[in-house]
Structures are given as C-alpha cells and as structure tokens.
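The values are calculated or read from the model by the stated rules, or taken from the named source; none is laboratory data. In this text the structure is predicted, and so the values were computed from the model without any measurement. All Cβ positions, even for glycine, are placed from backbone atoms using ideal geometry, and neighbour counts span all protein chains on display.
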Amino acid sequence: MSVHSKLYEGKAKILYTTDDPEVLLADFKDDATAFNAQKRGTILGKGQINCSISSQLFKQLEAHGIKTHFIDSPSPNQMRVRSVKILPLEVVVRNIAAGSLCQQTGLPVGKLLKQPLVEFYYKNDQLGDPLLTRDRLLLMELATPEQVDAITNLALQINQFLSGFWQQCGITLVDFKLEFGLDSQQQLLLADEISPDTCRLWNTAEADPNRRVMDKDRFRRDLGNVEDAYQEVLQRVLQAVESKN
Ligand code: TMP
Ligand code: ASP
C-alpha cells in the first residue's frame, strides 16, 4: 500500500490518502489536548497505545456484528480505515454521572444512571461542541431522523458490549464518545477511535476518586501518572482479548 498525501490533521490523528480511494491511513499522535485545545501537552506513547486499544476494540465489535471503519493496523500507531464522511456529531453514552453531565445538572459524580444516557453534541470547535437536542440536530440537518434512530440503537448496543468487555478488564466504563461516518454506499460505520482519550475508565477495584481514574481525565485534571494509566489500560485489554481466544 503506498501512502499518498495528508488529507486532514486533527488534534489526535493525521489522515492520509492511499492508492485505494476507499481506504485511508490514520496515524495516531502523542499530542493531547483538553478543553477545546486550550490545554495542550504530550502523552508519551499515546499514539501507539490508543491505536492498539482502538484496533482491539473495533475487532471485538466487528466480531459482535457492529460495522466499523477498521480494516487493520499495519504498524503500532497506524490504522487502515474505510474512507467515510464523518457526521459532525459527538455521540456520548453515559452509565455513571461524571464530567459535563455533573457540571450542567448538579448530579453527583459517580451516581449510577438508571439507564444509559445517549447524548448528541455538535462537533464544531468554534462553537465549543455544544449539546444538541434531537430537534436542533434535525433542524440543522446534521443527520436524518432514521440516522439518529440507527445511531442511538448502535450506541446502546456498543455500550452494552463494551461495558461487558471493560468489566472483564476490571475497569468500569463510566462514559464514552463515539463518532459515525457514511461510506460510499451511504452505509453507517462506527469511526474515529475508542481509547482512554475518548472514554472515562475507572479502575473497578479502586474507590479513591483520583486514584481510580485510568483515562484522559488524568491529563485534564493534572492527576499525574498519565502514561502509566494508558499503558495499564492497554495491558488489561490485551490480557482480556487473549483470554477470549
Ligand atoms: P464530557 O463529560 O466532558 O461531556 O465527556 C463525555 C465523554 O466524552 C468522556 O468520556 C470524554 C469524551 N469526550 C471526548 O472524547 N472528546 C471531547 O471533546 C469531550 C469533551 C469528551
Ligand atoms: N476534544 C477535546 C479538545 O478539543 C479534548 C477533550 O476534552 O477530550 O481538546
């Protein structure tokens, strides 16, 4: 596979075109940002770790019948993916109250939600990725009503599968963000990545509210030991995958 030109550079990944117009190469970076890129830093080894974790999770999801953009991972920090048109939506699924849900509602951090909450945010850095209502999303024509329903169902299925998978890792899946795209046949595929950058992951055996954090909140909140936490998540994912095979 020969790699052509840089197509797009985001905060955590660079996308390159390849000789196949249906295939892109995603290069995962060590760069870390938070609070709409107001906070910037580097998490050493993050590119490889997030690419490896995402690759494993996409493979597991594919085996579970969820269609994703993942093709393969030709090197530790690179993923070959199907070219999709990303819908400008950040789809957040929450099982336990944390982050912006607590800031905006006053719910206490750690409160178990009676049922998973699926939320849509507008993927627009200039506007600060605002929370959308279904009506606003439809008004803005960011997706069709059928796509919203399909995404909601997929997000809940993915949550059910991933919650179980992370449980096998001794990790509690608090919340996470998904992105979806449409391929050349208008087929809806799960895209982007699933990693400690995009999930809140708490060490189930640890009660301390700071020590239990195994995700990007360590970077966002300056909790330290960021690299160690990401590495530990990868080791647990690899162990869980191995024990399944
Ligand atoms: P929030 O509580 O800040 O809204 O975040 C919810 C989840 O979404 C959390 O797991 C982190 C993830 N997330 C992203 O992946 N990208 C983002 O830009 C933000 C704000 C959150
Ligand atoms: N996506 C956020 C940013 O724009 C980072 C985050 O909080 O996850 O920097």
Those residues of the range 42-59 which are hydrophobic (A, V, I, L, M, F, W, C), within 10 Å of residue 230 (Cβ to Cβ) and surrounded by 19 or more Cβ atoms within 10 Å (Cβ to Cβ), in sequence order: 43, 49, 53
Strands (runs of 3 or more DSSP E) lying entirely in the range 1-106 (those with 1 or more residues that are of a type in the set (Lys, Arg) and in contact with a Pro (Cβ under 7 Å, 6 or more places away or on another chain)): 78-82, 89-96
Condition check for residue 229: within 16 Å of ligand 1 (Cβ to nearest atom) and in contact (Cβ under 8 Å) with a residue 12 or more places away in the chain: yes
Meets criteria (away from ligand 1 (no atom under 16 Å from the Cβ), modelled with pLDDT of 95 or more and over 29 Å from residue 133 (Cα atoms)) for residue 83: no
Those residues of the range 185-215 which are within 15 Å of ligand 1 (Cβ to nearest atom), aliphatic (A, V, I, L, M) and assigned to a loop (DSSP other than H, G, I, E, B), in sequence order: 194, 214
Some residue of the range 152-163 being in contact with a strand residue (DSSP E or B) (Cβ under 6 Å, 6 or more places away or on another chain), in a loop (DSSP other than H, G, I, E, B), touching a residue at least 12 places away in the same chain (Cβ under 8 Å) and surrounded by 13 or more Cβ atoms within 10 Å (Cβ to Cβ): no
Residue check for residue 195: within 27 Å of residue 120 (Cα to Cα), polar (S, T, N, Q) and buried (at least 21 other Cβ atoms within 10 Å of the Cβ): yes
Conditions (1) surrounded by fewer than 19 Cβ atoms within 10 Å (Cβ to Cβ); (2) assigned to a helix (DSSP H, G or I); (3) touching a Gly at 6+ places or on another chain (Cβ under 8 Å): number failed by residue 218: (1)
The lone exception for residue 23 - which of (1) within 16 Å of ligand 2 (Cβ to nearest atom); (2) of a type in the set (A, V, I, L, M, F, W, C); (3) more than 16 Å from the chain's Cα centre (by Cα) it fails: (1)
Unmet criterion (only one of (1) under 26 Å from residue 209 (Cα atoms); (2) touching a helix residue (DSSP H, G or I) at 6+ places or on another chain (Cβ under 8 Å); (3) surrounded by fewer than 23 Cβ atoms within 10 Å (Cβ to Cβ)) for residue 188: (1)
Inter-residue pairs, beta-carbon under 9 Å, first under 18 Å from residue 8 (Cα atoms) and β-branched (Val, Ile, Thr) and in the range 19-48, second assigned to a strand (DSSP E or B) and within 12 Å of ligand 2 (Cβ to nearest atom), 6+ apart: 33/39; 33/40; 33/41
Test: residue in the range 103-121 that is among the charged types (D, E, K, R), surrounded by fewer than 17 Cβ atoms within 10 Å (Cβ to Cβ) and farther than 27 Å from residue 202 by Cβ: no
